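**Student:** For reference, the structure I am asking about is given below.
Read-outs: derived from the displayed coordinates by stated rules, not from any lab. Just so you know, these numbers come straight off a predicted model, no measurement behind them. Here the Cβ positions follow ideal geometry from the backbone for every residue, glycine too, while neighbour counts run over all protein chains shown.
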Amino acid sequence: MTSTGTSNLKGATDAPEPSQQTDSLLRRLAGPSVTKAGLAKDQSEINRIIAEASKGSKFYENEKRKDKELTERIAKILKHRDEAVKGVDLSSVEQSVDQILVKLEAQRDLTQIIVHVDMDAFYANVELLDNPDLKGKPFAVGKGVLTTASYEARKFGARSGMSSFISKKLCPELILLDTHFDRYLEMSKRVMDVFRRYDLNMCAAGCDEGYLNITAYCEEHLIDAEECVREMRETVHRETKLTVSAGIAPNKMLAKICSDKNKPNGQFKLDFNSRAIKAFVHDLSIRKVPGVGRVNERLLESIGIKTCGDIYTHRAVLSLMDKQFGLHFLLQVYLGIASNVVQPHTREERKSIGAERTFMSISDKDRILQKLEDVAAELESDMTDGGWTGKTVTLKYKLDTYQVFTRAKSFDRWVSSKKEDLFAIGKELLMPEFPLTIRLIGLRVTKLKDLKAEAESKAAGIMKFFGTTDRGGSPTRNRRASIEESEQAEELTQLRDAFEDAMPGYHEEAEADDGAEGQGLDFPPMGQIMDVEDYMDSSRNDLDQAGDRSDHRPRPPYSAPAPTHSQSFPKPVSTEITKGPFARASSTGPSASSSTSRGQRIRSPSPRARTTTSAVDTQTCPICSKTMLTDNDGLNAHIDFCLSKEAIREAQATSSTNLAPISEASGPDISKGFRPRSIADLLSGSGAKRAAPSSRLTEGLVKRKRRK
């Protein structure tokens, strides 16, 4: 027997009217931060004021356009739904979904105690420490776009990501403060230090929040979870005078939801049993779930899903439209199941590095190029200090109409981190777009290479060469321990990746929100920041006049639909870049003596590269053990790179201590960015103290380097 799905479509809506005087537009204008703690439950009047204050602006027109596009998209989805359920036995589909639920339920793990800690109005409370006179007054941090608002200001509707103009309309008495990132970073480090006493492997999800697994700590100290978290919060307050709220649950998703229950300065523990968890999420608004977002909220509402409990009612439709809604993620939400793996973010997870700035709209070409040069300088600093290079550069800009566009260029070599080179690439991408009026510009490098990891690998290679990498046990035992460590890391990764973390399109929506006016510096969702230092370093953009915007997400910038100009770009060629193996010219580009279309001279080969060399043969580097087809000069050049100044210094130190095991503190200093140098450079006395070779082998390498 077939069914048209009438019962299963209960609560679903017909195709919405494309009128722009709709509640959906008012909600969109309110921004993505409407779920912030401390805001009024009924925000209809606040939303009306925001809409009235925004009317007639280009921001308003852009949001109106987006709302119309989403309304039309919903109409298409509803039409697709009606076609999908026509003639389908929905009860059979429901049974198949029920089997999936049984399998998911079998994966429920209640053995781990996960805590989400979230500082209360972090920036605002740090400012309050330095200016106690602000206590009890409505104030916010940020002169152009608010980065946070005090709880007194939130009562009026002011919140992070809102423009100061709108917030002043809501709260005329609002006090606006400048940002002090150095101070926030200082307090963040102190707070995170307290958290790490309870879990060394905690995962920082921003400078003001994070996840901890306190299972081992509770067992070791014979303390229950609530007492442990209460003690941790009291310690934070005693040492920093700041308050923190916390959620305690069996997994990260639930812990994050719970941390918002008793804000500010409170905690909430969810009972660790399946029935209590499902009851907790049943009536929870779908918008409260991390990984849904405001666009997906509207899509789900259109088919009748407003709470997590509605997911089960409409499970057949969700199954038939899995591509649009993501069945497995929503079933996990309905059951309250998610990942409980807590581990620090690794450098390997970094997908991009970038910088951008927002300012009052400008159309003057010279001023726009100056902004681009400022961004290039900041990106140079971040790439050098962080030890990164990449192969694709993306230009991002936002028009005065609030539309966001991107233009990208890929290379067959590693991109230079020099400001001049980054600026040249960005300029090449930007020039065809003129004339234009913009209010944001940014540069981002993707397809990254980790130079710090490469430096550490080279250091490990030379330590191996000098015989100082022995762990103190037999080679077999060391090899077995290394394999076990790798297997444990892989197991954790598999556990973490076993669950979906968001609905389809959520991360792209987050990128779009980042490019929209009024989204400000609210912190990215979990799993998208490597550590506090990396995030804060990327957040030091100047506020100019309209506020600071920082984007540190591991995805390319969002681009509004636009015709591509990629066909008009010439084939990438190699401009002058920093020394090292990544400074390789394109094999398909022009000769080294030619010039680029921008008039930038390509570096000519060095005299040494042009000299006649001996016969080519298979050579093995004694440092990194790499086998290559080259001559003696080529081998010596490779050895020059392997034997960096830092590695030589470490080898000398370890050799002088009778081949003692390497300590973590004795590793190469790469905090300022890795810059390989040759033996000849080190011994030439050019601005550095002469380094004496530490062994006969080193002397031999130097002699070979000097040999003509």
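**Student:** Amide H to amide H, which residues 5 or more places from Trp388 or on other chains are under 5 Å from it, using H placed in the peptide plane?
**Tutor:** When sequence neighbours closer than 5 places are left aside, the close amide H contacts are Leu451.
**Student:** Working out 0.36 nm times the residue gap between Asp385 and Thr215, then minus their Cα-Cα distance, what length gain in nm do you get to one decimal?
**Tutor:** Answer, rounded to one decimal: 57.6 nm.
**Student:** Convert each backbone phi in region 253-264 into a coupling constant with the Karplus relation 6.51 cos²θ - 1.76 cosθ + 1.60 (shift: θ = phi - 60°), then list the ³J(HN,Hα) values in order as whole Hz, x for Gly and Pro.
**Tutor:** Ordered by residue, 3J(HN,Hα) equals 4, 5, 4, 5, 5, 5, 5, 8, 5, 10, 6, x Hz.
**Student:** Starting from the amide H of Ser33, placed 1.01 Å from N in the peptide plane, find each other amide H under 5 Å away whose residue is 5 or more places distant or on another chain.
**Tutor:** none
**Student:** Still on this structure: Sort 127-136, 423-432 by packing, meaning the average of other beta carbons within 10 Å per residue, with the highest value first.
**Tutor:** 423-432, 127-136
**Student:** Kirkwood hydrodynamic radius, computed over distinct alpha-carbon pairs, for region 114-272: how many Å, to one decimal?
**Tutor:** Result for region 114-272, one decimal place: 16.2 Å.
**Student:** Which cross-chain or sequence-distant (5 or more) residues have an amide H under 5 Å from the amide H of Val145, H modelled 1.01 Å from N in plane?
**Tutor:** Residues meeting the amide H criterion: Ser164, Gly547, Asp548.
**Student:** Dividing the alpha-carbon radius of gyration of region 46-107 by 2.2 N^0.38 Å (N being the number of residues), what value is obtained?
**Tutor:** Computed over Cα atoms of region 46-107, the ratio equals 1.95.
**Student:** Let me ask something else. Distance check, please: which entries in Lys66/Lys351; Lys396/Lys419; Lys137/Lys261; Lys64/Lys398; Lys398/Lys427; Lys263/Lys306 exceed 20 angstrom between their Cα atoms?
**Tutor:** Lys66/Lys351; Lys137/Lys261; Lys263/Lys306
**Student:** Another question, if that's okay. Which net charge results when you count Lys and Arg as +1 and Asp and Glu as -1 among the other residues whose beta-carbon is under 11 Å from that of Gly326?
**Tutor:** -2
**Student:** Local charge sum around Asp283 (other residues, Cβ-Cβ under 12 Å, Lys/Arg +1, Asp/Glu -1)?
**Tutor:** Around Asp283, the surrounding residues sum to +2.
**Student:** Please compute the length gained on full extension between Lys427 and His282, using 0.36 nm multiplied by the number of residues separating them and subtracting their Cα-Cα distance.
**Tutor:** Taking Lys427 through His282 to full extension adds about 47.0 nm, to one decimal.
**Student:** In region 60-99, which trypsin sites (Lys or Arg not before Pro) are in a loop and have at most 15 other Cβ atoms within 10 Å, using DSSP for the loop call?
**Tutor:** Answer by residue number: Lys86.
**Student:** Also, I was wondering about something else. On a full-extension model of 0.36 nm per residue, what is the gain between Lys68 and Lys155, subtracting their alpha-carbon distance, rounded to one decimal in nm?
**Tutor:** Taking 0.36 nm per residue and subtracting the Cα distance, the gain is 28.3 nm.
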